[in-house]
Structures are given as C-alpha cells and as structure tokens.
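Engineer: Here you go, one structure.
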Amino acid sequence: MTKRVKSIPILMLCLLFANLVNAQEQLTLKDALNFAIENNTNVRKAKLDIDGGKYKTQEVKAQALPQISANAGLTYNPIIGQLVFGDQAFTLGRKWNSNAGIQLSQQLFNQQVFTGLKASKTSEKYYNLNANLTEEQIIELVANNYYQVLVSRQQLNVIDTNIKNVKVVEKIIANQYQNGLAKKIDVDRIKVNLTNLETQREQTINAVIQLENQLKYSMGMPVSTTITLPPDEFSKVETLPAMADSVNLENRTEIRLLNVQKDLLGLQRKAYVAEYYPQLSLTANLSKTGQSDKFDLFSKHGTAFYYDASAIGLALKIPIFSGFATRSKIRQADVNIKKNDEDIRETKNTLNLAYENAKIQLRNNINTIKSQRQNVLLAQEIYNSTQNNYNNGLAALTDLLDTENALTSAQNSYTQALLNYKIAEIQLIKSNGNIKSLLK
C-alpha cells in the first residue's frame, strides 16, 4: 500500500513532462517561465527558507514562554558524612537517596528576548523578499536563455536555406561542366562552399542543443526532455515601448531587501544595547526526596521516608562591567549599518545605470532592426538578381558566392539585432519592477 501511495507523485511528474512534450504544441516563453518558477532549484530553496524563517520565529518566541523541566536521580552513599558537635557525631543522611522534581522559569524582563522577537518577524519579511528576488532573477535568466535558443534556431534556418540554394547552383554548375560551359575550378569551389556550410550547420546544431540544455537546466527541467519552441516568438518590432525619464527604485525588490536588512542590523544593535539592561525572571520548583538505609525506596512496605520541598523566587541579573565587550559589539553594529547604507547607495546607482543603458540599447536596436530588415530585403534582391544573371551567363561564380555571403551576414545581423532588443527589453521591464508580468 505504501509503495502505491509513493508512486502517485512520480506518476504526476511524468504526466507533467508528457504534457510539456506531447500535449503542448510549442513551449512559449510564458510556459517556460512559469515552469521555472515551480521547478527551479534556487526558487524552491528560497521558498523553503521562508518556512525555515517561520520556524526560527517560533524558536525565538519560545524564549518568552515558560520553561518547564523535570529531573530525577538515584544516589548510593557508601560512606555517609557526619556532623560533629563537641564530642558527639550525627550521621547526615542515609545510604540510599532518591529525588524527583520539576522546575519552572519565566522571563519577566529580558530586553534581548523582546528584541529577538522583533528581529524574527523582520527576518520572515526578509526571506519573503529574498524568494521574490530569486524568482525575478530566474525569470530574467530563463528569458535570456530562451531568446538565445530562438536566435540559434533562426541561424540554423538561414544555413539550411543557404545549403538548399547552393545545392541548386551545384546542379547547374555540374550540368554546365558536363556540357563544357563551366570550369573544373567552379565545380570545386561550389563543393568547398557546400562543405563549409554543412560543417557550419553541424556546429550550429551542437550550439542549439547546448543552449536548449542550458535553457532546460535553468528551468529546472531534466535536460533529456524534448522541447519545441515556436519559430515566430520574435514578434515584429516596429515601435519603442513607453520609457519614463526615471524609474522609482523604492519598489525594486533589491532596494526593499536592503532596507529590511538595515532594519535587521538595527535590531541587532538594539540586542547588543540590551546587554546593559538587567534581566528579571521568575523561578519555581517542587521536589520530592526519599532516603533509606536499604534499597527499598520504591517498595510500599520499605523503611524509606520521603519529604517534599518547594520554592518560588525572583532572579535578578544586573550587568556591571563586561570589559567593554558590549561597547565593541555596538560599534561593530554601527559599522555594519553604515556599510549597508553604502550598499543601498551603490545598488540605486547600479539600477539607474541598468535602466539608462536599457533605454539606450532599445533605441539603438530599434534603429538597427529597421536598417537590417531593409538590408536583408536588399541583399535578397541582389542575390536573386545575381543568381539569375549567373544562370544566364552574365555573372561570375565569385559574384554569386559574394552575394550569398552578404545575404547570410545580413540575415544573421538582423537576428542578432532582435536578440539584443529582446534582452534590452527584459532589462527595461525589470528596471520598472514588472518582470513578473512576463508570467502572465
């Protein structure tokens, strides 16, 4: 029965992958990002840290609750001590002793414990923000990897198209050579060009596989899983998105996380200051002790006798001098707070830099995309014209190969411009604090 229950999650996991591979027509960016949020190891660990933070809070809260403990003991005294008064001696106790008791302690005033309670609640907020930041970082990573796979696939499509065109030219040259209208060197040159393209194709296929594996790894998906990406994921880019002159950094997770960290450092300083405060606690105990000359302490008809004892009191601890250790800890805490302020200042500057760079990249790339799109169309027209001229004997093979290389270069440049635009777009969305919008 147990084995059957354990097999259910495994079956569900297999069905999930089957849906991604079979039922799913294509793995869109949205699908990839949502899968990563649920399965990436770093995201899952960050969520576990949230649970760990809650348990840590419970641990700190326990210090403010009553502490109850029990003890029991059994002692044999081979030699019993005596109390001497003048020339008389009195035996102290008996050979066998047993005792059992219960103790209670309750903190009435302990500033360190109270500060720890505040810090534990702030820590929960810290872990939640850290998990959110981890998700944002994974979204950025997966999106970049996703677009890189698309670019490599499009480059592979360009190579396949070129191979197809070269094979057509190869047949034409072969027929011309058989009819004495072409030279042997032309046949060899076209074969060399075809071989180079096929070699380049193999290299590109390997690159695509590696990039797909990297994408699946960043998603938390087994690399053996087969995925299919839509070929038209690169939507046609015509206009720039709306871009503000500046961005509100206070909503950025990085800044919020540093602010919470500053709060934690401040509470740590308060905990050090609390070492100067006295501590007051309530103590109480109740015990029962038995004594006997024989080992009959637990016998109903034995000679042992028992007596009870209890006490209730207050314990006050007043720190007087600690060798300036507390003062040193407070000063170290002040240094850490100042360093955190520097981290906030630097992070704001870094985020502003990323935002400004993203805007520049988008403007540059939109112009590059438009020019490269026209360049591809022009290169295609030149290639078609040159190929027609070559077929009619009006152009040399060198001209045809040159125009083919120019077309390939233009197509790859256009694809690379699209990739650069998408990466800059991701940075812009992230700078606005809206990177999770890619999940919707």
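The values are calculated or read from the model by the stated rules, or taken from the named source; none is laboratory data. Please read all numbers here as calculations on a predicted model, not as lab measurements. Reconstructed Cβ throughout: ideal geometry from the backbone, glycine too, with neighbour counts over all protein chains shown. These accessible areas exclude ligands, DNA and RNA; they are computed on the full protein's heavy atoms, side chains included. Shrake-Rupley method; radii C 1.70, N 1.55, O 1.52, S 1.80 Å.
Engineer: Against the longest alpha carbon principal axis of the chain, how many degrees, from 0 to 90 and to the nearest 10, is the axis of helix 184-219 turned?
Structural biologist: 20 degrees
Engineer: How far is helix 41-62 tilted off the main Cα axis of the chain, in degrees rounded to 10, range 0 to 90?
Structural biologist: Once rounded, the angle reads 20 degrees.
Engineer: Return the calculated 222 nm mean residue ellipticity for the chain, to the nearest 500 deg cm²/dmol, obtained by summing -39500 (n - 2.57) across DSSP H runs with n ≥ 4 and dividing by the residue count. All intermediate terms of the calculation are to be shown ahead of the outcome.
Structural biologist: Values: 8 runs with 277 residues, N = 440.
About -23000 deg cm²/dmol.
Engineer: Could you give the semi-axes, largest first, of the ellipsoid that matches the chain, computed as the square roots of 5 times the alpha carbon gyration tensor eigenvalues and rounded to whole Å? Numbers along the way, then the final one.
Structural biologist: Values: eigenvalues 1277, 177, 61 Å².
The three semi-axes for the chain are 80, 30, 17 Å.
Engineer: Separate question: Given a cut-off of 25 Å, name the pairs among LYS191/LYS370; LYS47/LYS422; LYS54/LYS216; LYS54/LYS262; LYS45/LYS430; LYS45/LYS262 whose C-alpha atoms lie farther apart than that in the structure shown.
Structural biologist: Numbers: LYS191/LYS370 35 Å; LYS47/LYS422 29 Å; LYS54/LYS216 32 Å; LYS54/LYS262 20 Å; LYS45/LYS430 22 Å; LYS45/LYS262 23 Å.
Too far apart for the 25 Å limit: LYS191/LYS370; LYS47/LYS422; LYS54/LYS216.
Engineer: List the trypsin sites (Lys or Arg not before Pro) within the range 243-302 that DSSP assigns to loop and that have no more than 10 neighbouring Cβ atoms inside 10 Å.
Structural biologist: Working: sites: ARG252, ARG256, LYS262, ARG269, LYS270, LYS288, LYS294, LYS300; in loops: ARG252, LYS294, LYS300.
Here the sparse-neighbourhood loop sites are LYS300.
Engineer: Just the number, please: Stokes-Einstein D of the range 140-207 in µm²/s, Kirkwood Rh from C-alpha pairs, 20 °C, 1.002 mPa s.
Structural biologist: Working: Rh = 13.6 Å.
So the translational diffusion coefficient is about 157 µm²/s.
Engineer: Place the peptides 95-105, 198-208 in order of packing, highest mean first, counting for every residue the other Cβ atoms within 10 Å and averaging per peptide.
Structural biologist: Values: 95-105: 16.1, 198-208: 14.1.
By packing density, highest mean first, the sequence is 95-105, 198-208.
Engineer: From the mean inverse distance of alpha carbon pairs (Kirkwood) and the Cα radius of gyration, derive Rg over Rh for the range 234-375. Working shown, then result.
Structural biologist: Details: Rg = 34.4 Å, Rh = 23.0 Å.
In the range 234-375, Rg relative to Rh is 1.49.
Engineer: Any chance you could run the full-extension gain for GLN380 through GLU170? It's 0.36 nm times the residue separation minus the Cα-Cα distance, nm to one decimal.
Structural biologist: Details: separation 210, 0.36 × 210 = 75.60 nm, distance 1.91 nm.
Separation in residues times 0.36 nm, less the Cα-Cα distance, equals 73.7 nm.
Engineer: Mind ranking 307-314, 433-440, 272-279 by how tightly packed they are, going by the mean number of other C-beta atoms within 10 angstrom, highest first?
Structural biologist: Highest mean packing first, the order is 272-279, 433-440, 307-314.
Engineer: If R0 is 30 Å, what FRET efficiency do you get for ILE337 and TYR217 from their C-beta distance, rounded to 0.05? Spell out each step's value before the answer.
Structural biologist: Values: r = 39 Å, r/R0 = 1.29.
Rounded to the nearest 0.05, the efficiency is 0.20.
Engineer: Then there is this: Stokes-Einstein diffusion coefficient for the range 367-429 at 37 °C in a medium of 0.692 mPa s, Rh from the Kirkwood formula over Cα pairs: what value in µm²/s?
Structural biologist: Numbers: Rh = 12.8 Å.
Diffusion coefficient, whole number: 257 µm²/s.
Engineer: For a protection proxy built on the mean count of beta-carbon atoms within 10 angstrom, sort 158-170, 55-67 highest first, please. Walk me through the numbers before you get to the answer.
Structural biologist: Working: 158-170: 16.2, 55-67: 12.8.
Ranking the peptides 158-170, 55-67 by packing returns 158-170, 55-67.
Engineer: Continuing with this model, one more query. Quick one: plug the Kirkwood hydrodynamic radius of the range 109-261 (C-alpha pairs) into Stokes-Einstein at 20 °C, 1.002 mPa s, and report D in µm²/s. Before the final figure, lay out the partial values.
Structural biologist: On the way: Rh = 21.2 Å.
Diffusion coefficient, whole number: 101 µm²/s.
Engineer: Still on this structure, I have one more. Spelling out what I want: for every residue of the range 283-290, take phi, set θ = phi - 60°, compute 6.51 cos²θ - 1.76 cosθ + 1.60 (Karplus), and round to whole Hz; glycine and proline get x.
Structural biologist: Rounded to whole hertz, the list is 10, 8, 8, 9, 9, 9, 10, x.
Engineer: Right, something else. Between LYS294 and ALA396, what is the spin-label point distance in nm, taking each point 7 Å from the Cα along the Cα→C-beta axis?
Structural biologist: Between LYS294 and ALA396, the label points sit 12.6 nm apart.
Engineer: If you don't mind, another one. Could you look at the range 274-368 and say what percent of its accessible area is carbon and sulfur, using a 1.4 Å probe and all protein chains?
Structural biologist: Within the range 274-368, the accessible surface is 56 percent carbon and sulfur.
Engineer: Which length gain, in nm to one decimal place, applies between LYS440 and LYS317 when the Cα-Cα distance is subtracted from 0.36 nm times their residue separation? It would help to have the intermediate numbers written out before the result.
Structural biologist: Working: separation 123, 0.36 × 123 = 44.28 nm, distance 5.80 nm.
In short, 38.5 nm is gained.
Engineer: In Å², what does the accessible area per residue of the chain work out to with a 1.4 Å probe? Mind dumping the intermediate values first?
Structural biologist: Working: 26470 Å² over 440 residues.
Ligands and nucleic acids excluded, the figure is 60 Å² per residue.
Engineer: Nearest 10 degrees, 0 to 90: what angle lies between the long axis of helix 325-391 and the longest principal axis of the chain (Cα atoms)?
Structural biologist: 20 degrees
Engineer: Taking loop as defined by DSSP and a crowding limit of 16 other beta carbons within 10 Å, which chymotrypsin sites (Phe, Trp or Tyr not before Pro) in the range 308-399 fit? Intermediate results must be reported in sequence, preceding the final value.
Structural biologist: Values: sites: PHE321, PHE324, TYR355, TYR383, TYR390; in loops: PHE321, PHE324.
Sites meeting the loop and neighbour criteria: PHE321, PHE324.
Engineer: Quantify, in whole percent, the carbon and sulfur part of the accessible surface of the range 173-252 (1.4 Å probe; protein heavy atoms only). Intermediate results must be reported in sequence, preceding the final value.
Structural biologist: On the way: 2450 of 5020 Å².
Percent of accessible area from carbon and sulfur atoms in the range 173-252: 49.
Engineer: If GLU346, GLU404 are ordered by their accessible area, calculated over protein heavy atoms with a 1.4 Å probe, which sequence runs from highest to lowest?
Structural biologist: On the way: GLU346 115, GLU404 10 Å².
Sorted descending by solvent-accessible area, the residues read GLU346, GLU404.
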